[in-house]
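Okay, so here's the structure we're looking at.
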Amino acid sequence: MPQVRLEDHNSVVRRISETLQGPVMEALGELVPEVRRLPRRSALEAVMDDVDLLHRCFLAFRTNPDRFRALLVNKHKVPVDDAEALLECGRSLDQVIAMVVRTAAKRHFRTRLDGSPKARRARPLYRAQRKSLLERLWSALGGEPAHPALGGGYQAPKSRGEALYEAFQDYLLHDWQVPMIPEYALLSPGTVRRLGPRLLDYRIAEDIRRLRVDPDNPPPPTPLTAAPQQALAGMALPAFLTAPKDGAPMVRPAAPPPPEAPPPTAAVTAIVTADTRVSDGMAKLEPEAADSTIKDERARLDDILGPDGKRLKANAFTLVLLDPQVRAAIPHSEQTVRITAILGTVNGLAGKMLVGELGLRTDQLAVFLMTAHAALGDKRFETAFGVPGRPSYIARIVERAKIYKIGQDSSLPAIAEFVLGSFKTAEK
């Protein structure tokens with residue numbers, strides 16, 4: 001790369017890095033509690049090292065565009081309305097997103113496969129060779145190394161993480177891929193190279209797991225029937241901000257939204273301390289008729305449980321929370337990032353009981369739990385549904401739900417009504 005071009009490229013990436021480290025992290029700190037607690041100087045690296053946290057940051061960006069609008073301007077300080085338009089930094093929003101996704105993937109691959117986010121080397125590096133975060137971001141944009149190897153000495157073979165990243169890098173483009181990076185890390189470079197651009201057709205984690213089982217016979221990707229713009233209907237936000245490009249995975253389409261569930265009353269705020277009071281005081285709701293022809297679409301436990309099974313996985317719910325019907329049924333649905341964090345505190349056993357006994361889908365589980373949170377408040381919800389929680393209490397709720405045919409065929413408002421009515425009567 002000519003020296004002038006090299007310096008220009010370096011300047012571009014320096015501006016991007018400074019913007020990410022400064023105003024972007026500052027805005028995210030107001031939206032994502034985990035970012036707020038990070039040391040300012042190392043916040044960007046910490047986010048890059050945690051794909052779950054990075055995913056929540058992208059979600060915060062997509063659902064709160066007003067917080068970032070001042071940063072999305074061109075060189076004339078005019079707001080851009082196209083994700084492919086050049087920003088003031090000299091790169092488009094799409095390019096910046098791809099840069100971040102590639103950097104996060106590279107670090108995750110190295111950590112998962114090599115034991116460290118830094119590349120392995122055959123000999124210690126000279127100070128001039130050590131890469132800063134700025135240089136790593138620069139490399140992710142396709143730039144040449146700022147400090148070529150000195151003296152043409154021995155070049156160490158690529159590590160497993162580096163080899164996988166090299167195969168993947170042309171196909172790491174979209175923020176919807178961030179939650180899939182841990183699944184990507186388990187593919188072989190050969191599989192990635194054979195599939196090439198077809199990798200982008202696989203947009204849910206289950207597809208990547210099926211691909212890993214039989215890489216020589218790639219399974220057909222799960223069809224995505226809901227476009228991002230449809231899933232975000234009614235949010236009145238710029239499409240290029242609210243929805244990832246290129247058909248990111250969303251939720252399945254559904255019938256027109258039903259009437260909104262009634263909001264919780266201020267009186268519904270206490271959880272009874274004795275399990276017997278809960279079982280004796282449930283609301284007398286009319287049972288809902290079941291439809292035995294409905295396909296079993298219950299939430300997959302592998303998808304919703306964390307690695308140790310103790311808590312639900314927060315990012316398992318981020319996509320369903322963009323569904324207008326889910327948002328209509330959940331109280332305070334505008335607080336998407338906070339809702340995701342709350343769901344991540346729920347005891348894994350509670351999730352297993354609600355899914356295993358009632359057969360709830362992921363969207364139904366989110367509505368059930370967040371309606372309970374609205375009724376109980378933070379502290380009481382954590383007492384009942386957190387870790388260690390009250391399994392006997394959850395068991396009584398499940399048994400009552402069975403009596404009134406709350407299950408996979410129940411509408412989201414019906415689930416919300418059952419939960420609100422149950423806690424209201426239990427308090428009385």
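Local charge sum around residue 76 (other residues, Cβ-Cβ under 15 Å, Lys/Arg +1, Asp/Glu -1)? Walk me through the numbers before you get to the answer.
Details: positive: 75, 77; negative: 81, 82, 88.
Overall, the nearby charge balance is -1.
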For the pair residue 403 and residue 114, the simple spin-label estimate (label points 7 Å beyond Cα toward Cβ) gives in nm 6.0
Going through 310/402; 313/352; 379/402 one by one, the pairs whose alpha carbons sit over 20 Å apart turn out to be 310/402; 379/402
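For residue 357 and residue 84, what is the calculated FRET efficiency with R₀ set at 30 Å and r taken between the beta-carbons, to the nearest 0.05?
Working: r = 48 Å, r/R0 = 1.60.
My answer for the efficiency is 0.05.
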At 0.36 nm per residue, minus the direct Cα-Cα distance, what do residue 214 and residue 310 gain on full extension? Give it in nm, one decimal, please.
31.5 nm
Here the FRET efficiency for residue 42 versus residue 222, based on Cβ atoms and R0 = 56 Å and rounded to 0.05, is 0.90
Grab the eigenvalues of the alpha-carbon gyration tensor for segment 301-425, scale each by 5, take roots, and send me the semi-axes largest first in whole angstrom.
18, 17, 15
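Rounding to the nearest 20 debye, state how big the charge dipole of segment 301-425 is about its Cα centre with +1 on each Lys and Arg Cβ and -1 on each Asp and Glu Cβ. List each step's numbers first, then the result.
Details: 15 positive and 12 negative charges, 81 e Å.
With only Lys, Arg, Asp and Glu charged at Cβ, the dipole is about 400 debye.
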Considering only protein heavy atoms, what per residue accessible area in square angstrom results for segment 301-425 with a 1.4 angstrom probe?
35
Roughly what would the spin-label model give for residue 10 and residue 206, points 7 Å off Cα along C-beta, in nm?
5.0
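The values are calculated or read from the model by the stated rules, or taken from the named source; none is laboratory data. This structure is a prediction, so every number in the text was calculated from the model and none was measured. All Cβ positions, even for glycine, are placed from backbone atoms using ideal geometry, and neighbour counts span all protein chains on display. To get the accessible areas, we keep the full protein, side chains included, count just its heavy atoms, and leave off ligands, DNA and RNA. Shrake-Rupley method; radii C 1.70, N 1.55, O 1.52, S 1.80 Å.
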